[in-house]
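First up is the structure itself, then whatever we jot down about it.
The values are calculated or read from the model by the stated rules, or taken from the named source; none is laboratory data. All figures in this text were calculated on a predicted structure; none of them were measured in a lab. Here the Cβ positions follow ideal geometry from the backbone for every residue, glycine too, while neighbour counts run over all protein chains shown.
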Amino acid sequence: MSCTGKFWRVWNMTKICELYEYINRIAPFDSAQTWDNSGLLLGDADLPCHCVLLALDITEDTVKQAKECSADLVITHHPVIFRPLSALSYHTPIAELISSKISVISAHTNLDIAVDGVNDALCRALNLQDL
């Protein structure tokens, strides 16, 4: 079995809520823009987590990789649910994640504005100073 994305095995018994709280400490979810949808968007915070996959977006390929890696959790930058759902087919990435019991935490604008978050990393990469 191979997994080409960024994934980590969690060796100590960890619950999804513990990873959520870790992200919340470095990029508080309540600092997200009001129009944003960040946080635990799919799944159960009390479930154990043995493997985490990191991704920019939830796509069919992301779901495939999560299944190949036996991930319990996918952490994305862009929210898996952004606009209200009007219908949900069994063959969508969201339905696949739900049926596979794979949770999703999305950290979007809260991670953008966090100290040493996305915006700070971009400024460093572009050698921007005194902003």
- Task: Mind counting the residues in region 39-52 that are touching a Leu at 6+ places or on another chain (Cβ under 8 Å) and at pLDDT 95 or above?
- Result: 2
- Message: Can you confirm whether Ser86 is of a type in the set (S, T, N, Q) and surrounded by fewer than 16 Cβ atoms within 10 Å (Cβ to Cβ)?
- Response: yes
- Task: Could you look through region 94-131, keep only residues that are polar (S, T, N, Q) and without any contact (Cβ under 8 Å) to a residue 12 or more places away in the chain, and pick out the one that is surrounded by the most Cβ atoms within 10 Å (Cβ to Cβ)?
- Result: Asn119
- Query: Among the helices (runs of 4 or more DSSP H) confined wholly to region 57-131, which include 3 or more residues that are at pLDDT below 90?
  - Reply: 118-125
- Message: Filter region 33-47 down to the residues that are under 18 Å from Ile16 (Cα atoms) and either charged (D, E, K, R) or more than 14 Å from the chain's Cα centre (by Cα) (or both) and list them by number.
- Response: Asp44, Asp46, Leu47
- Only one of these conditions is not met by Leu42: (1) touching a helix residue (DSSP H, G or I) at 6+ places or on another chain (Cβ under 6 Å); (2) surrounded by 20 or more Cβ atoms within 10 Å (Cβ to Cβ). Which number is it? (2)
- Message: Of the residues His50, His91, His78, only one is more than 18 Å from Asp36 (Cα to Cα) and either surrounded by 19 or more Cβ atoms within 10 Å (Cβ to Cβ) or in contact with a strand residue (DSSP E or B) (Cβ under 7 Å, 6 or more places away or on another chain) (or both); which?
- Response: His50
- Task: Among residues belonging to region 53-75 that are in contact with a strand residue (DSSP E or B) (Cβ under 7 Å, 6 or more places away or on another chain) and loosely packed, with under 15 Cβ neighbours inside 10 Å, point out the one that is nearest to Leu41 (Cα to Cα).
- Result: Asp57
